[in-house]
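For reference, the structure is listed below as structure tokens.
Since every read-out is calculated from the coordinates, none of them should be taken as a lab result. For clarity, every value in this text was computed on a predicted model and none was experimentally measured. Backbone-built Cβ (ideal geometry, glycine too); neighbour counts: all protein chains shown.
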Amino acid sequence: MKGGFITTTFNSMLGWGRKYSLYQYPFITACCGMEYMSVACAHYDLDRFGMGWTRFSPRQADMLLVVGTITQKEAPVLKTVYDQMTEPKWVVAFGACALSGGIYDNYAVVQGIDKIIPVDVYIPGCPPRPETILDALIKLQEKVQKEGHEWRWSKKK
Amino acid sequence: MEQEKVIKDLKNKFSDKIKEISTQFGEKIVVFEKDSLLDVFRFLKDKPYDFAMLLDLTCVDYKGQQNRFEMVYHLFSLSSNLRLRLKTRLPEKEPSIESLTGEWKNANWLEREVYDMFGIQFSGHPYLKRLFMYDGFEGHPLRKDYPLRKRQPKIPMRK
């Protein structure tokens, strides 16, 4: 047979395709954004891992990066952005504030974004090193690869 | 214009309204009567004193003291490079003071912040609504009797 052929399962092929085309929606509110910029730009270069495309519309994005402190006032905005994203979608909590509220244990700040939306990968650090972020995003790719992909997505609760 | 002259003129003009004048870190602190706010500030804003810039306007909560809230105003004179700090006390029950929005435009948001965080009423303010917290937020979070662990989420939390 001319050109050869490969054997795979549908699921792993779909996972492979999805993990190398993660379009990101950066929801940046605080100083962690500097580290995000450093990772996204040429020096650390997220594009090497197939995550380089930044989509500034939640409808075209697969991965929501919540970078920075989320206040109670901003919580409905983040929830709306998450709801607007089409399935399949993944969420990354980036930095101590998005994880747990960080040092801001007060009246104004949401104590971790998992109080509002489901989170797939947590990146600790205040702010995290670019290497930490790359490691976490590669872990997210592994998760995407291993996930059971369905044609019709049931909503994550 | 020297700082000493400003203080001297202020003392002469408002002898019954100025309660105390002290110095801290080389800057003068003037404590005045609450009802003379507009007179004192207009006097300082006009030439020759020319304190044309309102640097800051904030409040301190001294819970347990007789006049609980202390308003703090920072003025700056661009022409003579002078700074002046003015303070006055407000009672715990229905704390209110006149608004400075007629004199300085930037007092608008500064007073809204103080209203939001401490619940001070500014009479004559054109739009006295919360600046930082959202509609439906109860209480004033920077008051010392606001519970440390009290949370008022705007949308319901998961689990």
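Determine the distance separating the Cα centre of segment A:1-44 from the Cα centre of segment A:67-90; give it in Å without decimals.
After rounding, the separation between the Cα centres reads 20 Å.
Too long at a 20 Å Cα-Cα cut-off: which of B:K5/B:K34; A:K79/A:K115; A:K73/A:K115; A:K19/A:K89?
On the way: B:K5/B:K34 23 Å; A:K79/A:K115 10 Å; A:K73/A:K115 14 Å; A:K19/A:K89 11 Å.
Table pairs above 20 Å Cα-Cα are B:K5/B:K34.
In nm, to one decimal, how far is the A:I28 label point from the B:N67 one, both placed 7 Å along Cα→Cβ?
Rounded to a tenth, the inter-label distance reads 4.8 nm.
Hey, got the average number of other protein chain Cβ atoms within 10 angstrom for residues in B:146-159?
Values: counts 1, 1, 3, 3, 2, 7, 3, 7, 8, 10, 4, 8, 8, 2.
Mean inter-chain Cβ contacts per residue within 10 Å come to 5.
Return the average number of partner chain Cβ atoms within 10 angstrom of each residue Cβ along peptide B:11-19. Intermediate values should be presented prior to the final figure.
Values: counts 0, 0, 0, 0, 0, 0, 0, 0, 0.
Other-chain Cβ atoms within 10 Å of each residue's Cβ, averaged: 0.
Calculate, for A:I138 and A:N106, the FRET efficiency according to 1/(1 + (r/R0)^6) with r their C-beta to C-beta distance and R0 35 Å; round to the nearest 0.05. Show your work: numbers first, answer last.
Details: r = 34 Å, r/R0 = 0.98.
For A:I138 and A:N106, the calculated efficiency is 0.55.
Angle check, please: helix B:107-118 long axis (alpha carbons) against the longest principal axis of chain B (alpha carbons), in degrees 0 to 90, nearest 10.
50
For a Förster distance of 41 Å, can you work out the FRET efficiency between the beta-carbons of B:S15 and A:F56, rounded to the nearest 0.05?
Values: r = 62 Å, r/R0 = 1.52.
Given R0 = 41 Å and the Cβ-Cβ separation, E is 0.05.
Residues in segment A:116-133, backbone N under 18 Å from the label point at A:T80 (7 Å along the Cα-to-beta-carbon vector): list them, ranges by number please.
Residues A:116-117 qualify, since their backbone N sits under 18 Å from the label point.
Using r as the Cβ-Cβ distance of B:E4 and B:V60, and R0 as 25 Å, what FRET efficiency do you calculate, to the nearest 0.05? Mind dumping the intermediate values first?
Numbers: r = 27 Å, r/R0 = 1.09.
That gives a FRET efficiency of 0.40.
Over 23 Å, how big is the tail of the calculated P(r) for segment A:1-116, in percent of all Cα pairs? Working shown, then result.
Details: 2603 of 6670 pairs.
So the portion of pairs separated by more than 23 Å is 39 percent.
Could you work out how far the C-alpha centroid of segment B:74-96 sits from that of segment B:34-60, in angstrom?
7
What net charge is computed for the residues neighbouring A:R48, neighbours being all others with C-beta under 15 Å from the C-beta of A:R48, Lys and Arg scored +1, Asp and Glu -1? Mind showing how you got there, number by number?
Numbers: positive: A:K19; negative: A:D45, A:D47, A:E131, A:D135.
Every neighbour counted, the sum reads -3.
Taking the mean number of other Cβ atoms within 10 Å as a proxy for protection, how do you rank A:126-134, B:112-120 from highest to lowest? Let's see the in-between values first.
Numbers: A:126-134: 18.1, B:112-120: 19.9.
Going from most to least packed, we get B:112-120, A:126-134.
With a 10 Å cut-off between alpha carbons and a GNM built on chain A, which of A:I28, A:I70, A:I113 moves the most?
A:I28
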